[in-house]
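The values are calculated or read from the model by the stated rules, or taken from the named source; none is laboratory data. These figures come from a predicted structure and were not determined experimentally. Methodologically, a virtual Cβ is constructed for each residue, glycine included, from the backbone with ideal geometry; neighbour enumeration extends over all protein chains shown. To get the accessible areas, we keep the full protein, side chains included, count just its heavy atoms, and leave off ligands, DNA and RNA. Shrake-Rupley method; radii C 1.70, N 1.55, O 1.52, S 1.80 Å.
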There are 2 protein chains.
Amino acid sequence: MSTEGYLTEDASKFATYKPLIDAYNKDSLDQVRAFDPKFYESCVAAIPDAATLDSEPIDARKFLNLLSEDEQRIVNDLTISDLTSKQLAGELTAEIIARAYIKSAIVAQLATNCVMQFLIPEALSRAKELDAYRETHQKLVGPLHGVPVSLKEQMNYKGKATHASYVSYINNIPENSAVSVDILHKLGAVFHARTAQPQAIMHLDTWNNITGRTRNPCSTRLSPGGSSGGESAMVAMHGSVIGQGSDIGGSIRAPAAFANLYGIRPTTRRISLMNGLSGGKGQESIVAVQGPLARSIDELDLFMKSYINQGKPWLYDPLCVPVPWREPELPAKIKIGVLYQDNLVTPYPAITRAMKETVAKLAESPDIEIIDLTPQWYSEEEMFDINFAIESLYTCDGNKVQLGMFEPSGEPLLPLTRHFLNFGGGKELSIYDNRMLNAKRDALKTEMLQKYFSKVDFILSPTYLAPAEMPKQSLYWGYTSFWNLLDYPNVVFPTGISHSVDKDTEVPTLKANKYEKMVWLNPSDGSVKYDAQNYEGGPVALQLTGKRFCDEDVVALTKKISDILKVTRR
Amino acid sequence: MSTEGYLTEDASKFATYKPLIDAYNKDSLDQVRAFDPKFYESCVAAIPDAATLDSEPIDARKFLNLLSEDEQRIVNDLTISDLTSKQLAGELTAEIIARAYIKSAIVAQLATNCVMQFLIPEALSRAKELDAYRETHQKLVGPLHGVPVSLKEQMNYKGKATHASYVSYINNIPENSAVSVDILHKLGAVFHARTAQPQAIMHLDTWNNITGRTRNPCSTRLSPGGSSGGESAMVAMHGSVIGQGSDIGGSIRAPAAFANLYGIRPTTRRISLMNGLSGGKGQESIVAVQGPLARSIDELDLFMKSYINQGKPWLYDPLCVPVPWREPELPAKIKIGVLYQDNLVTPYPAITRAMKETVAKLAESPDIEIIDLTPQWYSEEEMFDINFAIESLYTCDGNKVQLGMFEPSGEPLLPLTRHFLNFGGGKELSIYDNRMLNAKRDALKTEMLQKYFSKVDFILSPTYLAPAEMPKQSLYWGYTSFWNLLDYPNVVFPTGISHSVDKDTEVPTLKANKYEKMVWLNPSDGSVKYDAQNYEGGPVALQLTGKRFCDEDVVALTKKISDILKVTRR
């Protein structure tokens, strides 16, 4: 990590933005207080202060007991199907659901600081509109009728500031919402909150100069992952049913794993990215995707099917491909290739243990054949080159777009921002170099199909090298970003296994490459920095990958695996 | 056009390649002579010499009378469906078909110089294999069983030199055929010839340093278009049933139009490009496509349906999308937006006349509503910027890839090569600039959907500013390259109208922009260079465009238009 200053940092310019940031944050706090002042006071009294939450391994989900029993039943027990069928039957209204979820979102916010912007009045108004529709027409508007969905803030929201955590954009008011927002609206979703993402949306952690740090609900001193870490905290806190995130290097999968959720990084161009703010404008060597985080694989499946088959994003976004969400096709004997580690960075002990325990359970299924891919995987040297290529592609414009977005506000650059700006040395490549890397990428994509997916149907691997990471420490993206480069779809699923302070202590034999050293050793003296105590409460969720455009099959196998592992809805 | 020399040109290096070129060409000539020496002699006697063909407006299709009556019936009258049904019924064999088409291909070659490499022994052996299969199994291997298909040479062919007209690559022998070649083989196609493309595959004309100039069958002194000009000459000469071409700026559509054929530039990623040679390695701002040229729209339809639905290219090429070739959907009242010209370059008189006459006939159909788009199209200034952006993207690596491919042989750079290398000034862009152009492209793509395709279902426009162009004169690509940038699918279809030396004489009022001047005026003195005499025999085929991934509908409307215009199989 480079420690040199960047020319964009300017404390005096940034000072002029502080009143704007304060006003922006005050709006959310005002909404929260106004919604139910008494409830708000009870939350403030029960939930520890930020300093305590930041430093203790608190399971924040327990604060949901601040809700009434009825409200708890709604936010804890009812799936999307339950919520919609009960509304259709007149047993629940969208407004009742919205009020319960606004409360859980307030708890989520106070415990994890996951919200960027509340939309409480809009949500209540929308819920009433949906209830009126149901009463008048005796039917629902769509498969997400009255379902509270949270949105990663970087998606444009018509008439609302959309800044993607760039302080310079804090007064950027888009004229149109993102296509995905419009589609989810048409399907019946209720939007009550837009969630936090890290500075530049490029950390596997969530920390920015507008709302600060977001915490992990499983253990508040841990990171919720990122860049969709506001979503993972919100969904894991039952603050929304579905969180719509996005992923260009692991930004759906790392947070889903860190918060013990299901998440999908679909094949690109199935879900619309149109009308969103990011530093990736015009970049297409590694293409970002949107996708949902959810508490159950069934809900994730229903969401994808509804979004694609009823939402038909290709009618609005010419970059989307008209590939319907089809019925899955699993072979009678499912061959799962297992990658215990990627030959570049050795995972921490909890991950290795969870991989082994999970594989052992899967191997007992008569329908599953396990094939160890690690010995035939890319070598350490090859993986080093691939990872360096990925990192170089993220910064190949010499960070000109990113720095241009930081520059107007002069905001300070956070440690993980400096970290990613330094990927590939932060060097500007020539277009020729970029083209050669694109060609290398396409060759890898083809090799993956011909060499690996000729032998196996799916690949099971870690999502990240650690259980939920400590803040500011998510340094190595390779387990997820490898699949962004190749664009094969992934689903992350909870294993039911968590980090053990007692069991997961042994440091394995380490490789000599710089990435391995970066995650295992202290840079100052080369001593081992891994400490099992740090990861208390961190869950392990693994990553399942399938062939391109076979997202449906990855979801179907995840259902089967969840059954085998006896993992139920979060 | 820059006239300065490029460092890659080196006469002494090139001299060392001449024996390789001679050996390469001798192989094809030996095959032709050996196949039927007497027939070859009769062709040489009947077909004028190259100098005559190059300078006279000869309709070369008349030389098909060198074939026997039975052979003429096969190559002139039988569609793909006829050929396959007659084989299934035992009325024809693949070998008889192959022998007839090898003869017409030899006539095509002698009259138009359209072949890069003959595959006569391979075709005969393949035909016999197909006949044996049919006898044994009493069925056909696929929908192209025994159908002679010609291949643009730049597609890899296992074990055969594949050079894409780069002299440096004349001994490049690929280990694997292109995915498309393998798919067409599986469908039953017989490959008897690989066809010529221009130097660097980047002219809308066909001229290279290996086989020289290809001629237009409609009028041999005209250009067959390019870069798939070997295919257009071959198919128009009935030398193959289908020609598989490729298009990154008009390279299927210009040749199809110049030779009065049907051609489709499908939406990208539906037909595989995998394993081909070009100077576009790793370039994805404007994505190339493959597609067929054919004598009838029904055959083009059958080819696309067979290739996609039975060939399933996504199983072999991970860049392909699994979108089946579906049944078309035409609205009851079809709204066709008409673009008489693009507001940047005024077409030559024959094109304007053909547009008007065609629109007048279409307007009589009760199912069609005509909407003039020209007044609401992009302004001259906007079109200038768009066209400059397109040209800049073709050369945005500062031509490093292209020049690197020329350099080893030192081959001379042809005038149209210098022309395209100078697109956008031939300047190397930064990755930042490239990204901003990508973003501009995506904004245009969206605007096309929202602004234009909200008002019309299809857009009818010229394919090129002239009827078949004179050699070395295809300077402006805008009518076709605009759609490569936006990636909306196009079909080119014959109108039944040809250039008239008498009618198409009037020079319209010209605009002042450099592209208009480039095509209408002599650079030396600014006098008008357009001369109606030059275009004698040039046909007019127009371009129909539909929404992305609605290729099927564009084909269906083309069928309807061909019926209205009473244009039958070529």
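Do we find a residue being modelled with pLDDT of 95 or more and on the phi > 0 side of the Ramachandran plot anywhere in segment A:491-498?
Checking segment A:491-498: at least one residue is modelled with pLDDT of 95 or more and on the phi > 0 side of the Ramachandran plot.
Mind listing whichever residues of segment A:448-481 are within 14 Å of another protein chain (Cβ to nearest Cβ) and out of contact with any helix residue (DSSP H, G or I) (no Cβ under 9 Å at 6 or more places or on another chain)?
A:Gln450, A:Phe453, A:Ser454, listed by residue number.
Look through A:Ser227, A:Ser246, A:Ser278, A:Ser232 and report the one residue that is more than 10 Å from the chain's Cα centre (by Cα), closer than 23 Å to A:Ala178 by Cα, not assigned by TED's automatic domain parsing to the domain that holds A:Asp487 and not hydrophobic (A, V, I, L, M, F, W, C). Write out each step before concluding.
Details: A:Ser227 fails: more than 10 Å from the chain's Cα centre (by Cα); A:Ser246 fails: more than 10 Å from the chain's Cα centre (by Cα); A:Ser232 fails: more than 10 Å from the chain's Cα centre (by Cα).
Just a single option satisfies the conditions, and that option is A:Ser278.
Of all the residues that make up segment A:508-532, how many are among the hydrophobic types (A, V, I, L, M, F, W, C) and in contact (Cβ under 8 Å) with a residue 24 or more places away in the chain?
5
Within segment A:128-154, can you find the residues that are more than 23 Å from A:Lys18 (Cα to Cα) and in contact (Cβ under 8 Å) with a residue 60 or more places away in the chain?
Those that are more than 23 Å from A:Lys18 (Cα to Cα) and in contact (Cβ under 8 Å) with a residue 60 or more places away in the chain: A:Leu130, A:Gly142, A:Pro143, A:Leu144, A:His145, A:Gly146, A:Val147, A:Pro148, A:Val149, A:Ser150, A:Leu151.
Criterion first (closer than 12 Å to A:Pro349 by Cα and either among the hydroxyl-bearing types (Ser, Thr, Tyr) or open to solvent by 20 Å² or more (accessible area, probe 1.4 Å) (or both)) does A:Tyr515 satisfy it?
no
Filter segment A:243-258 down to the residues that are out of contact with any Asp or Glu (no Cβ under 9 Å at 6 or more places or on another chain) and of a type in the set (A, V, I, L, M), then identify the one that is nearest to A:Pro217 (Cα to Cα).
Top of the filtered list is A:Ala257.
From the list B:Tyr535, B:Tyr488, pick out the single residue that is of a type in the set (Phe, Trp, Tyr), over 22 Å from B:Leu300 (Cα atoms), touching a residue at least 40 places away in the same chain (Cβ under 8 Å) and crowded, with 23+ Cβ neighbours inside 10 Å. Walk me through how you get there before you give the answer.
Details: B:Tyr488 fails: over 22 Å from B:Leu300 (Cα atoms).
Every option except B:Tyr535 fails the conditions.
Filter segment B:406-416 down to the residues that are surrounded by fewer than 23 Cβ atoms within 10 Å (Cβ to Cβ) and of a type outside the set (Gly, Ala, Ser), then identify the one that is farthest from the other protein chains (Cβ to nearest Cβ).
Ranking the qualifying residues of segment B:406-416, first place goes to B:Pro415.
Assigned to a strand (DSSP E or B) and either at pLDDT 95 or above or hydrophobic (A, V, I, L, M, F, W, C) (or both): does that describe B:Ala193?
Values: assigned to a strand (DSSP E or B): yes; either at pLDDT 95 or above or hydrophobic (A, V, I, L, M, F, W, C) (or both): yes.
It is true that B:Ala193 is assigned to a strand (DSSP E or B) and either at pLDDT 95 or above or hydrophobic (A, V, I, L, M, F, W, C) (or both).
Kindly list the number of the only condition in (1) over 25 Å from the mean Cα position of the chain (by Cα); (2) more than 19 Å from A:Trp477 (Cβ to Cβ); (3) not β-branched (Val, Ile, Thr) that fails for A:Asp385.
(2)
Listed here are the residues, each with its yes/no results for (1) modelled with pLDDT of 95 or more; (2) open to solvent by 20 Å² or more (accessible area, probe 1.4 Å); (3) assigned by TED's automatic domain parsing to the domain that holds B:Glu231; (4) out of contact with any Lys or Arg (no Cβ under 8 Å at 6 or more places or on another chain).
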position	(1), (2), (3), (4)
B:Ala105	yes, no, yes, yes
B:Ala108	yes, no, yes, yes
B:Thr112	yes, no, yes, no
B:Met116	yes, no, yes, no
B:Pro121	yes, yes, yes, yes
B:Ser125	yes, yes, yes, yes
B:Leu130	yes, no, yes, yes
B:His137	yes, yes, yes, yes
B:Leu140	yes, yes, yes, no
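Of all helices (runs of 4 or more DSSP H) completely enclosed by segment B:454-570, which ones contain at least 3 residues that are among the acidic types (Asp, Glu) and outside the structural domain of B:Thr358 (by TED's automatic domain parsing)? Walk me through how you get there before you give the answer.
On the way: elements: B:478-486, B:514-520, B:551-565.
Where helices (runs of 4 or more DSSP H) fall fully within segment B:454-570, none carries at least 3 residues being among the acidic types (Asp, Glu) and outside the structural domain of B:Thr358 (by TED's automatic domain parsing).
Starting from residues that are assigned to a helix (DSSP H, G or I) and without any contact (Cβ under 8 Å) to a residue 24 or more places away in the chain, keep the ones in segment A:359-375 and report whichever is farthest from the other protein chains (Cβ to nearest Cβ).
Only one residue fits best here, namely A:Ala360.
Conditions (1) small (Gly, Ala, Ser); (2) touching a Gly at 6+ places or on another chain (Cβ under 8 Å), marked per residue:
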residue: B:Thr505; (1), (2): no, no
residue: B:Pro508; (1), (2): no, no
residue: B:Lys511; (1), (2): no, no
residue: B:Lys517; (1), (2): no, yes
residue: B:Trp520; (1), (2): no, no
residue: B:Asp525; (1), (2): no, no
residue: B:Ala532; (1), (2): yes, no
residue: B:Gly537; (1), (2): yes, no
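Taking into account only those residues within segment B:417-447 that are facing chain A (nearest Cβ under 8 Å) and among the aliphatic types (A, V, I, L, M), which is least open to solvent (accessible area, probe 1.4 Å)?
Filtering segment B:417-447 for residues that are facing chain A (nearest Cβ under 8 Å) and among the aliphatic types (A, V, I, L, M), the one least open to solvent (accessible area, probe 1.4 Å) comes out as B:Ile431.
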